[in-house]
There are 2 protein chains.
Amino acid sequence: MLCRSAILVGVTLAGVLGTAIGVEAQALKDLQTPDTPLVLKAQGSFFVGGEKAEQTQVELGSLGPGGHITVNQMYVRYMVPQGGDGNVPVVMVHGATLTGKSWETTPDGRLGWDEYFVRKGHPVYVPDQVGRGRSGFNQAVFNDVRAGSVPAASQPSWLRFSDEGVWPNFRFGLKPGEPFSDSQFPVTAVDELAKQGVPDVSLGGLPAPNANFKALSDLAGQLNGAVLMGHSQSGSFPLEAALLNAAATRGLVLVEPGRCPAYRPEQIATLAKVPILVVFGDHRDNPTGLPTLPTWQARFEACQALIARLRGAGGQAEMLNPPDRGIRGNSHMIMQDKNHLQIADLILQWIDERVSKRSAGKK
Amino acid sequence: MLCRSAILVGVTLAGVLGTAIGVEAQALKDLQTPDTPLVLKAQGSFFVGGEKAEQTQVELGSLGPGGHITVNQMYVRYMVPQGGDGNVPVVMVHGATLTGKSWETTPDGRLGWDEYFVRKGHPVYVPDQVGRGRSGFNQAVFNDVRAGSVPAASQPSWLRFSDEGVWPNFRFGLKPGEPFSDSQFPVTAVDELAKQGVPDVSLGGLPAPNANFKALSDLAGQLNGAVLMGHSQSGSFPLEAALLNAAATRGLVLVEPGRCPAYRPEQIATLAKVPILVVFGDHRDNPTGLPTLPTWQARFEACQALIARLRGAGGQAEMLNPPDRGIRGNSHMIMQDKNHLQIADLILQWIDERVSKRSAGKK
């Protein structure tokens with residue numbers, strides 16, 4: 001396994017940097033290197049939100065003194081294209097057991113949506129969800145459990161998806177190693193996707209309401225308006241952020257959302273003010289392997305119902321269902337699929353028509 | 001606190017993007033926006049290493065089926081400057097309770113060393129240490145403890161540094177809120193540094209030997225040679241990586257290393273083949289507030305001793321001690337200090353003289 005992993009990393013580097021480092025020849029053919037340089041006005045990272053918590057020496061790991069730390073902050077990395085700082089920013093939020101990496105270089109070494117949207121002129125902001133990745137999490141209860149001062153059941157569980165579970169749930173195929181004949185996911189690089197997995201504490205380890213909602217709403221506000229894009233677990237986060245500050249959310253893109261909630265009428269009225277696009281992939285009837293959760297087709301239908309309610313309230317909500325356009329085989333990880341730029345172009349076209357032109361018309 | 005945090009984030013954005021978002025005027029004066037665009041041949045991210053582990057349904061958080069996941073992989077983000085792909089790459093590894101964010105935009109919104117080194121022509125690679133940030137960690141034992149199948153003491157502790165502990169240990173001042181009169185750290189933005197803190201499981205939660213050593217060695221090998229730069233906790237990692245593959249490490253930069261080990265003679269002989277620069281800040285006699293750990297002056301002296309042994313074995317090892325050059329007040333977070341580009345220039349000069357010219361001479 002380690003040997004194979006090393007080879008795959010070599011492939012990734014080779015594809016992006018254009019130099020061959022002992023890779024399998026047949027794995028190089030799908031890789032793409034941008035032909036032109038990426039010209040950025042600015043790039044970097046910062047945090048949104050966060051609050052002070054006072055913790056004991058034990059809760060801080062017993063090395064230094066007790067005191068205050070910051071928790072519930074959200075790490076955000078950004079790239080602003082040269083000449084693009086007047087265009088609408090796009091915020092891309094990842095799904096469960098993943099980080100902002102989802103939107104970067106694909107598992108098989110192709111350009112990520114983060115860079116592609118920048119190359120198309122949009123400032124792009126990629127957070128790690130509060131509680132995950134570079135945003136950290138609140139470790140106090142784990143150290144209290146370790147010290148025996150609170151029961152073991154006090155600590156939240158950490159979620160990860162096994163490789164075996166990912167194949168049916170992310171709709172690469174019915175079973176591990178047996179991709180759909182039309183699968184768009186680069187399944188030869190599925191072990192590189194596996195490396196993107198990190199433990200997810202959000203089922204029980206985050207403050208209620210989910211701290212990501214306000215962080216995303218605040219980020220959109222600080223940007224003087226943004227398109228918020230969520231994926232899977234975070235697919236409904238843009239809706240929740242818009243409910244906190246609809247004026248700051250210039251558009252919402254829900255990519256394979258885990259849920260489209262049954263909002264109250266006054267919430268529907270608020271959300272009807274914001275252009276909304278829902279994007280799903282193919283093979284939605286595939287059993288997820290997670291018997292406690294609905295199929296992706298059931299989630300698709302819940303989103304269709306939400307769209308109908310929003311349109312009934314005068315909203316501009318629509319579904320992007322690639323099979324309706326003859327595009328087949330897209331997976332749950334649609335931003336990493338082999339035709340990911342084709343899907344991105346459809347989203348960019350929607351942003352242009354429903355968000356950018358709408359804003360221009362208001363001026 | 002939340003209010004102040006929001007303001008500081010506004011400052012960061014305003015400084016980098018050049019637009020004012022309701023910030024305190026006096027906080028803007030230290031911020032810098034690059035005058036020229038950043039032109040990249042390539043940017044993105046990938047993983048080094050990783051291995052498969054088989055885990056139970058409980059160990060995976062009980063939502064999906066048991067099976068295999070990948071653990072001990074290392075996330076790496078990179079930027080290659082246009083025209084700079086022939087220059088020596090620099091790998092920047094962060095310290096304890098931190099992530100690769102350490103090297104990005106400073107807490108007060110200035111250019112990070114990652115971008116500065118790219119602007120100076122070097123491809124830059126910024127990992128998250130194995131077990132941290134976007135590299136994830138192995139969550140199995142925590143879920144086993146939660147389920148009651150193993151004792152609570154089986155799980156490792158999570159380390160974080162309190163704000164109160166950071167001031168003396170990172171040498172911003174003797175006490176919180178009382179910076180040294182010559183402090184180079186941007187203490188008005190210390191709450192933004194606090195947001196960079198994430199829980200650190202590396203005291204007990206990583207495989208032995210530390211999986212970061214091989215990952216960094218493998219990364220240097222895949223890059224066909226690199227300068228490895230470590231900071232604080234990871235200050236000795238470049239030495240350990242060089243011991244695994246000295247040929248791949250074209251230079252080592254140890255920034256405020258937590259330790260300079262007392263290596264065996266044959267290890268000294270190996271390390272003497274690689275140019276090594278050790279960098280420390282000022283105020284090293286400050287009590288750390290961590291009574292079980294040596295002062296920074298004691299660590300400085302251990303590194304002086306290592307340098308003497310390496311030079312005795314024919315090595316090119318040297319100390320960059322800014323006070324010797326009349327540069328005072330540098331902190332432990334020297335890459336974020338107000339004079340961080342002055343320090344960076346000294347390191348870049350060393351790379352040019354000791355690494356780049358040396359390689360050119362060999363050709």
Write down the percent of antiparallel bridges among all DSSP beta bridges whose residues are both part of the stretch A:133-288, to the nearest 5.
25 percent
Per residue, how many Å² of accessible area does chain A show with a 1.4 Å probe?
34 Å²
With +1 on each Lys and Arg Cβ and -1 on each Asp and Glu Cβ, how big is the dipole of chain A about its Cα centre, in debye rounded to the nearest 20?
860 debye
Sequence order, the stretch A:306-321: Karplus ³J(HN,Hα) from phi using 6.51 cos²θ - 1.76 cosθ + 1.60, θ = phi - 60°, Hz rounded, Gly and Pro as x, gives 5, 4, 4, 5, 5, 5, x, 8, x, x, 9, 10, 8, 9, 9, 10
Note down the net charge around A:P294, summing +1 for each Lys or Arg and -1 for each Asp or Glu among other residues with Cβ under 10 Å from its Cβ.
+1
What does the structure give for B:203-209 when I average, per residue, the other chain Cβ atoms found within 10 Å of the residue Cβ?
1
Each label sits 7 Å from Cα toward the beta-carbon; between B:Q57 and A:D285 the label points are separated, in nm, by 2.7 nm
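How much of the DSSP beta bridge set in chain A is antiparallel, as a percent to the nearest 5?
If we restrict to bridges inside chain A, about 50 percent are antiparallel.
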Rounded to the nearest 20 debye, dipole of the protein assembly as shown from Cβ charges on Lys, Arg, Asp, Glu:
740 debye
Ranked by how many other beta carbons lie within 10 Å on average, peptides B:61-72, A:142-153 from highest
B:61-72, A:142-153
Global form of chain A, assessed from the alpha-carbon gyration tensor, a/c cut-off 1.5:
rounded
With chain B treated as a Gaussian network of Cα nodes joined by springs under 10 Å, which of B:F300, B:F161, B:F237 yields the largest mean-square fluctuation?
B:F161
List the aspartates and glutamates whose Cα sits under 16 Å from the Cα of B:K52, skipping any in the same chain fewer than 8 residues away.
A:D163, A:E164, A:D191, A:E192
Per the charge dipole of the stretch A:197-351 (beta-carbon charges, Lys/Arg positive, Asp/Glu negative, Cα centre), the residue among A:Q342, A:P322, A:L271 reaching farthest to the positive end is A:L271
What list of ³J(HN,Hα) values in whole Hz, one per residue of the stretch B:198-215 in order, does the Karplus curve 6.51 cos²θ - 1.76 cosθ + 1.60 (θ = phi - 60°) give from phi, with Gly and Pro shown as x?
9, x, 10, 9, 6, 8, x, x, 10, x, 9, x, 3, 5, 5, 4, 5, 4
For the pairing of chain B with chain A, what total accessible surface becomes buried, with a 1.4 angstrom probe, in square angstrom to the nearest 100?
7900 Å²
Point-charge dipole on Cβ atoms (K/R +1, D/E -1) for the stretch A:185-288, about Cα centre, debye to 20
360 debye
Specify which residue in the list A:V71, B:V150, A:T56 is farthest towards the positive end of the charge dipole of the protein assembly as shown, using unit charges on the beta carbon of Lys, Arg (+1) and Asp, Glu (-1), about the Cα centre.
A:V71
Non-local amide H neighbours of B:R250 (under 5 Å, H modeled in plane, Pro and chain starts lacking H): which ones?
B:A226, B:V227, B:L228
Expected 222 nm ellipticity per residue - DSSP helices of 4 or more, -39500 (n - 2.57), all of chain A, to 500:
-8500 deg cm²/dmol
Nearest 5 percent is fine: what portion of the DSSP beta bridges confined to the protein assembly as shown is antiparallel?
55 percent
B:A262 and B:A298 label points (each 7 Å along its Cα→Cβ direction) are spaced in nm at 1.3 nm
Residue separation between B:D352 and B:L203 times 0.36 nm, minus their alpha-carbon distance, gives in nm 50.1 nm
I'd like the Karplus ³J(HN,Hα) series for the stretch B:67-72: coefficients 6.51, -1.76, 1.60, θ = phi - 60°, whole numbers in Hz, and an x wherever there's a Gly or Pro.
x, 9, 10, 9, 10, 6
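The values are calculated or read from the model by the stated rules, or taken from the named source; none is laboratory data. This is a predicted model, so every value here is computed, not measured. Methodologically, a virtual Cβ is constructed for each residue, glycine included, from the backbone with ideal geometry; neighbour enumeration extends over all protein chains shown. For the accessible areas, the whole protein counts, side chains as well, though only heavy atoms, and no ligand, DNA or RNA atoms are used. Shrake-Rupley method; radii C 1.70, N 1.55, O 1.52, S 1.80 Å.
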